[in-house]
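Written out below as C-alpha cells is the structure these notes cover.
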Amino acid sequence: MKRIISLLPSATEIVCALGLEKNLVGRSHECDYPESIKHLPVCSEANFPDNLSSAGIDVTVKEILADALSVYTVNREVIKQLSPDVVITQAQCEVCAVSLKEVEQALENYLDKQAQIVSLQPNSLADIFNDIKTVAMALNVEERGDTLIEELEERVDIIRHKLKYIEQKPTVACIEWLEPLMVSGNWIPGLVDIAGGINILAEAGKHSPYVQWDDIRSHNPDIIIVMPCGFAIERTMREMYLLLQQSGFNDLKAVKNNRLYIADGNQYFNRPGPRMIDSIEVLAEIINPKQFIFGYEGNGWIKFAL
C-alpha cells in the first residue's frame, strides 16, 4: 500500500475520488476537503499571516518572491517521519500552493527512502482530466482514473446538451482578485464557455491577468462573478467595498440588472480537481438560471444585493 502525502488541495481531492483516502498519511495546511482528511499531519505552512487584506497579501507575497524566498515552508521533519512513497505537488503557481521546486529542494537527499514526486500543472479542463490520469497512474489505479474521468465528462455533457440550441450568450467577468484587480484565466474561460457564457478579458489556458477597472467598464459585462483565489464567500464579502467604490460601478449592466454574484473561490474555482465539474454547475446556475438548478445557491454562490 503506497503511502501518499498531498501538498495540494486538489490533489487530495483527486486521491480521495480515486478511493485511496486510506493511503493518505499527510496533507498541506490548505487541504480541508473532504472533512475526513483534516486529522492528517500537516506538512506545510504559509510564510505570511492569514488575516491580511487582498492588497496586504499581494504586497507580502511579491516581497517574499522578490527576495527569492518561498511563499510556503515544507516541513521536512514531518514528511521524513511519515515516510511517503509518493508526494504530490504542483508547478502551476508559486503563490497558490507548495511548488515542485520547493518540494525537490526540501526533500533532496533527506528522506530515508526514495519518494516519487508527482507534479501537476493544469491550465485547462483537459489538463485537469490529464492530471487525474497522472495521479491514477502513479498510484496504480488507472482503471479507477478512467472511470472517474468518464463520470465527470458525463456531467459536462449534460450541461453542453441542454445549452446546445441557446444562441445568445451573456458576457461574463470573473474576478479572481480584488486589490490589485485580476480576472480569472487558466481553466475558467473554458468553464464559462461550457456554462453558456462569453468570458471577457482573460484568455483560456493562460495565467490570470491584472486588469484596470476601466477595462471592465469598457466591456460592460452582462454578469460579474467575484471568486477570489482562496477566499470563501464570507471572506470576499468583507472586501466587496473595493468594487462598490469604483467609478461608474452602479452604471454597469451587471449591476443595473442585479447580476452581480459572489462564488466560493476557495472550495470550487481555484481547485483544479474533481470538483471543477461542480464549478461548471455553479456557473451554469448563475449564467442560465432558467435551465439549471443544481442546488449550490447559498453555499457555492450568492447573488450580491446592493
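What is the residue count in region 155-185 for residues that are among the acidic types (D, E) and surrounded by 13 or more Cβ atoms within 10 Å (Cβ to Cβ)?
Kept after step one, since they are among the acidic types (D, E), are these residues of region 155-185: 157, 167, 176, 179.
In the following step, the residues that additionally are surrounded by 13 or more Cβ atoms within 10 Å (Cβ to Cβ) were identified as 176, 179.
Counting residues in region 155-185 that are among the acidic types (D, E) and surrounded by 13 or more Cβ atoms within 10 Å (Cβ to Cβ) gives 2.
If I filter region 43-53 down to residues being in contact (Cβ under 8 Å) with a residue 12 or more places away in the chain and open to solvent by 60 Å² or more (accessible area, probe 1.4 Å), which single residue comes out as nearest to T89 (Cα to Cα)? Working first, answer last.
Taking region 43-53 first, the residues in contact (Cβ under 8 Å) with a residue 12 or more places away in the chain are 43-48, 53.
The next check asks that each one be open to solvent by 60 Å² or more (accessible area, probe 1.4 Å); those that pass are 45, 47.
On the way: E45: 14, N47: 17 Å.
Looking at the filtered set, the residue picked out is E45.
Select from region 202-235 the residues that are touching a Leu at 6+ places or on another chain (Cβ under 9 Å), touching a residue at least 40 places away in the same chain (Cβ under 8 Å) and either open to solvent by 90 Å² or more (accessible area, probe 1.4 Å) or not in a loop (DSSP other than H, G, I, E, B) (or both) and list them in ascending order.
I216, H219, I223, I224, I225, V226
Which one is farthest from E154 (Cα to Cα) among residues in region 186-201 that are part of a loop (DSSP other than H, G, I, E, B) and open to solvent by less than 30 Å² (accessible area, probe 1.4 Å)?
Going residue by residue through region 186-201, those that are part of a loop (DSSP other than H, G, I, E, B) are 186-187, 195-197, 200-201.
Filter once more, keeping what is open to solvent by less than 30 Å² (accessible area, probe 1.4 Å): 186-187, 195-197, 200.
Details: N186: 22, W187: 18, A195: 14, G196: 17, G197: 20, I200: 27 Å.
It comes out as I200.
Taking region 110-155 as the search range and keeping residues that are among the hydrophobic types (A, V, I, L, M, F, W, C) and part of a strand (DSSP E or B), which one is nearest to L82 (Cα to Cα)?
Applying the filter and picking the extreme gives I117.
As an exercise: evaluate S36 against (1) modelled with pLDDT of 90 or more; (2) in contact with a helix residue (DSSP H, G or I) (Cβ under 9 Å, 6 or more places away or on another chain); (3) not in a helix (DSSP H, G or I) and give the number of the one condition it does not meet.
Among (1) modelled with pLDDT of 90 or more; (2) in contact with a helix residue (DSSP H, G or I) (Cβ under 9 Å, 6 or more places away or on another chain); (3) not in a helix (DSSP H, G or I), the lone unmet condition for S36 is (3).
Quick one: which residue in G19, G26, G56 is open to solvent by less than 50 Å² (accessible area, probe 1.4 Å) and part of a helix (DSSP H, G or I)?
G56
Hey, any hits in region 283-292 for a residue that's free of Cβ contacts under 8 Å to residues at least 12 places away in the same chain and either open to solvent by less than 10 Å² (accessible area, probe 1.4 Å) or over 30 Å from L120 (Cα atoms) (or both)?
Filtering region 283-292 for residues free of Cβ contacts under 8 Å to residues at least 12 places away in the same chain gives 289-290.
Among the residues that remain, those that are also either open to solvent by less than 10 Å² (accessible area, probe 1.4 Å) or over 30 Å from L120 (Cα atoms) (or both) are: 289-290.
Within region 283-292, one or more residues are free of Cβ contacts under 8 Å to residues at least 12 places away in the same chain and either open to solvent by less than 10 Å² (accessible area, probe 1.4 Å) or over 30 Å from L120 (Cα atoms) (or both).
Test of understanding: among L120, L148, L152, which residue is within 30 Å of N75 (Cα to Cα) and either open to solvent by 10 Å² or more (accessible area, probe 1.4 Å) or not acidic (D, E) (or both)? Talk me through it step by step, then tell me what you get.
Values: L148 fails: within 30 Å of N75 (Cα to Cα); L152 fails: within 30 Å of N75 (Cα to Cα).
Matching residue, one of L120, L148, L152: L120.
So which residues in region 236-253 are open to solvent by 10 Å² or more (accessible area, probe 1.4 Å) and polar (S, T, N, Q), if there are any at all?
Result: Q245, Q246, S247, N250.
The values are calculated or read from the model by the stated rules, or taken from the named source; none is laboratory data. This one's a predicted model, so the numbers in the text were calculated from it and none came from an experiment. Note: ideal-geometry Cβ built from the backbone for every residue, glycine included; neighbour counts use all protein chains shown. The accessibility values were calculated without ligands, DNA or RNA, using every heavy atom of the protein model including side chains. Shrake-Rupley method; radii C 1.70, N 1.55, O 1.52, S 1.80 Å.
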